[in-house]
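Colleague: Below: one structure in C-alpha cells.
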Amino acid sequence: MIAGVVKTISGVRPAWWVALVLLILFPFPANDFFTVQIGAYSMILGLIGLSLMILAGYGGMVSLAQLTAAGLAAYVVAIFGVNSNDVLGFGWSWWIVAPLAIAVGTLFSALVGLIAVRTSGIYMIMITLAIAVSVFFFARQNYEVFNGFTGYAGITAPHIAGVDMRAPLPFYYLSLIGAVFFLAVTAFVEGSPFGLALQATRDNPRRVAALGYSVTAIRVFAFALAGVVAATAGVLLVILNGRVSPGTIGVDVAIDILVIAVVGGLRHPVGPFLGALAFVLLENFAIDLIDRERFNTVIGAAFLLVIFFSPDGLLGLWQKLSDRIKPIQTPTKSEH
Amino acid sequence: MALVAAAILLWLVFAVWPDWLIDAIGRKKTFVTTLFNGLTLAGLYFLVASGFTLIFGLMRNVNLAHGSLYLLGGYIGYEVSTRSGSWILGVVVAFVALAVIGAVLQVVVFRRMQGDDLRQTLVTIGISIIAADLMLAAWGGTTYQFTPPDALFGAVELPIISVVKASGAMVMIKYPFYRLFVLGIAIVVGVGLWILLNRTRIGMMIRAGVDDREMLAATGVNVDLVFVLVFAIGAGLAGLAGVIGGTALSIAPGEDVRYLLASLVVVIVGGMGSISGAAIGALLIGLAEQFGLAYFPTYGVVLTFLIMIVVLAVRPQGIMGK
C-alpha cells in the first residue's frame, strides 16, 4: 500500500508538478471573482464530474445520480449544521457534520449502485436518471426534512483555526486540496488491484466473474468510491453557496455534470476538471458573445459538437493535436 | 386471485359504501375520482411511452429527447388550434409535424451512429437541452391551456352511485368528459398499435426486426425504411400526446422532463420494447401517482419509485420484457 503510494507519487510527470505550482499561485494575480467563481467553482464541478468519470471511465457505468449524492451531502450539512430557515438545523459542529454528510452521500451512491448494477449500458443511464429525478421531486415536495421548494439558506461556513473557510483564499485552497487529493486517489486506485478489476469488469464482466471475482461487489464499491468524491464536492458546494435547494439537484444540473465529464474526456481523471473549467468559463463569459438567455443552446451545441467530432472530449482533441504536431514518435516500449 | 381482486374492485366502484368503509378510507367520491384520474393519466402515459418503447424495441435507440417531442407537439398543437379554431386540426398537425421531425432525426442523427448506444443517448440529451432552450425562447415560461372542442367539454354523470341521501335520492358521481375521452384515445391507439403490429405486413416486418434485424434485411426488406417509419410513428405519438395531455392538464417548460421521466419509468417497469408492457407499466404508474397524490400527498413520487425498485429487484428486464 505505502509502496504503491510512493510509486504513484514518484511516477508523477514534471508537467503535473508545474501545473500544481501554477494552481497554488493562481489566486495571487487573480481577483476574488476569478479565484472563487472560476477557480474554486470549476474544481467543485470537476470533482462531481470526476465522480462520474470514475464510474464511466473505469467501470463503463454512466450514472446521472452523482450530483444527487453531492446534493444530499449538502442537505445533510444544512440539516445538521446551522441554517437560517428555522427548520431543523441541529447546529452540530463541523467536525461531525462534514464526515456525516460525506458518509450519507457515499451511502446513497452505493445504494444507487446496488439498484443500478442489476442493469447496464443505456438501462443504467435511464435508471439513474429516474432516481435523480425522483429525489428531486421528493425534495421539492417534502417539507419535514428537505424544507420543500425553498430548501435551506444561511448555512454557516466552518471556521478552522479562526479562519473563515468561505473567504476567497481559504476556500480556494480548500477546494484545491480536495481536487488534488481525489485526483491522486483516483490515479492510485487506477493501478490498484481494485482499479484493475473494475476496468476488467468494464471490458469483459463474464471473464471477471469466471475468475472468481464478484462483479456486483466491484461495481457497487466503485459507486461507493464515486460517492465519496461527489459528497465531498457537495460539502464544498454548500460552504461556497451557503444554501441548498431542490434546484441544486435538478435534472438540468445533473445533465450539466454529464456534459462536463463527456466534454472534458472520460479517459483520464483530469478530463472532468478541464470540462468544468470550459463550462464555467462559457457560463460566465458567453454573455459577451451571445444573449445570456440562450446559454443552454450554446452548451448543448458545444456538447453535440464534441460528441460528433471528438468522442474522447477535449483530452482526445489535445491528443489528436499533439499527434499531428509530432507524427513520428520514437517508440518507448517494445510491443512484444 | 386476480378474479377476487377484480371482484373487490368492481364492488368498490359500484356498491354503495357502508359506513365502516368510509370511516376507514374516506369518501367513495374521492376513491372513484382518484381511480378515474389514475386511469386517465395512465392513458396519457401510455400514449407517450408507447412511442418510446416502440423505437427502443426495434432500433435499440434510447431517445432521451422524447419528452421534448411531447412538449413541442403540445406547443404546435396549441398554435394551430388557437389560430385555426379547430382543436382536431391541432391534433392532426402536431402528429404529422412530429412524425416528420422524428423521421428527420432518424435519418440525420441515429443512422449515423447505429449500434453505438452511449453516443446516441448523449446526442439525444444534447438535442433535448437545445430543444428545451429554443422552446423557452419561442414560447416563454408561461403555462398554456387548451380548450377542448365543445362536444368534449363539461362533465358527465357516471352510472356510479356516490351516496344515497337520507331522503332516498341517489347522488351520482360526475366526471369531466374530456378525461374519459383521453382514456378512450389511449385505448384506440393501443388497439391500433396492436393491429398494426400483429395483423399487418408492416407489423410483421417490425416484429421480425425486433427479433433479428440482420435476417430481416437479408430477406430483402428495406430495413432503413422500416426504421424511419417506426421512428415517425413513435415521434408522432409523442406529439399527439402533447396536444391530448396539454388539453387535459397544461403545457409549460419542464413538462418535457416530466414526461420523459414518466416514459422511462413506465418502460422500465413494463419492459423495454413491449407495447403491452407499456400499457401495464402506464396503468401501474398512473394509478400509483394519483392514489399517492390523493391519499399520501408528499410520498406519491416515492410510491412510483418503489414500484420501479421492486420490479428491478424481481424482474430486471421489466414485467413484459424479454
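Colleague: Find all pairs meeting these conditions: Cβ atoms under 6 angstrom apart; at least six residues apart or on different chains; first residue within segment B:267-296 and at pLDDT below 85; second residue among the small types (Gly, Ala, Ser) and in a loop (DSSP other than H, G, I, E, B).
Modeller: Every condition considered, the pairs that remain are B:272/B:321.
Colleague: Another one. Go through (1) over 30 Å from residue B:60 (Cβ atoms); (2) within 14 Å of another protein chain (Cβ to nearest Cβ); (3) at pLDDT below 85 and name the single condition residue A:146 misses.
Modeller: Result: residue A:146 fails condition (3) only.
Colleague: Anything in segment B:87-110 that is touching a residue at least 12 places away in the same chain (Cβ under 8 Å) and surrounded by fewer than 15 Cβ atoms within 10 Å (Cβ to Cβ)? List them, or say none. Step through it out loud before you land on a result.
Modeller: Of segment B:87-110, the ones touching a residue at least 12 places away in the same chain (Cβ under 8 Å) are B:87-88, B:90-91, B:93-103, B:105-107, B:109-110.
Result: B:88, B:100, B:107.
Colleague: Looking at residue B:122 and the list (1) surrounded by 18 or more Cβ atoms within 10 Å (Cβ to Cβ); (2) more than 21 Å from the chain's Cα centre (by Cα); (3) within 8 Å of chain A (Cβ to nearest Cβ); (4) modelled with pLDDT of 90 or more, which single condition is not satisfied?
Modeller: Condition not satisfied by residue B:122: (4).
Colleague: So for segment B:72-79 (the condition being closer than 28 Å to residue B:122 by Cα and of a type in the set (Ser, Thr, Tyr)), does at least one residue qualify?
Modeller: yes
Colleague: State which residue pairs qualify: first residue at the interface with chain B (Cβ under 7 Å from one of its Cβ atoms) and inside segment A:117-131, second residue in a helix (DSSP H, G or I) and small (Gly, Ala, Ser) in any location, beta carbons under 7 Å apart, and separation of 6 or more residues or different chains.
Modeller: A:127/A:116
Colleague: Is it the case that residue B:272 is over 30 Å from residue A:143 (Cβ atoms), within 14 Å of chain A (Cβ to nearest Cβ) and either touching a helix residue (DSSP H, G or I) at 6+ places or on another chain (Cβ under 6 Å) or not in a helix (DSSP H, G or I) (or both)?
Modeller: Working: over 30 Å from residue A:143 (Cβ atoms): yes; within 14 Å of chain A (Cβ to nearest Cβ): yes; either touching a helix residue (DSSP H, G or I) at 6+ places or on another chain (Cβ under 6 Å) or not in a helix (DSSP H, G or I) (or both): yes.
When the stated conditions are applied, residue B:272 passes them.
Colleague: Spot the failing condition for residue A:140; the list is (1) within 14 Å of chain B (Cβ to nearest Cβ); (2) part of a helix (DSSP H, G or I); (3) over 20 Å from the mean Cα position of the chain (by Cα); (4) within 21 Å of residue A:63 (Cβ to Cβ), and only one is missed.
Modeller: Against the list (1) within 14 Å of chain B (Cβ to nearest Cβ); (2) part of a helix (DSSP H, G or I); (3) over 20 Å from the mean Cα position of the chain (by Cα); (4) within 21 Å of residue A:63 (Cβ to Cβ), residue A:140 comes up short only on (4).
Colleague: Restricting attention to segment B:275-322, and to residues there that are of a type in the set (S, T, N, Q) and assigned to a helix (DSSP H, G or I), which single residue is nearest to the other protein chains (Cβ to nearest Cβ)?
Modeller: B:298
Colleague: Across segment B:59-82, what is the number of residues that are surrounded by fewer than 24 Cβ atoms within 10 Å (Cβ to Cβ), in a helix (DSSP H, G or I) and of a type outside the set (Val, Ile, Thr)?
Modeller: Count: 3.
Colleague: If residue A:285 satisfies all but one of (1) away from chain B (no Cβ under 13 Å); (2) buried (at least 18 other Cβ atoms within 10 Å of the Cβ); (3) not charged (D, E, K, R), what's the number of the condition it fails?
Modeller: Among (1) away from chain B (no Cβ under 13 Å); (2) buried (at least 18 other Cβ atoms within 10 Å of the Cβ); (3) not charged (D, E, K, R), residue A:285 violates only (2).
Colleague: Quick one: which helices (runs of 4 or more DSSP H) lie wholly within segment A:12-98 and hold at least 3 residues that are more than 23 Å from residue A:269 (Cβ to Cβ)? Working first, answer last.
Modeller: On the way: elements: A:14-25, A:41-53, A:66-80.
It comes to A:66-80.
The values are calculated or read from the model by the stated rules, or taken from the named source; none is laboratory data. Every value quoted in this text rests on a predicted model; they were computed, and no experiment measured them. Neighbour counts run over all protein chains shown; Cβ positions are idealised from the backbone, glycine included.
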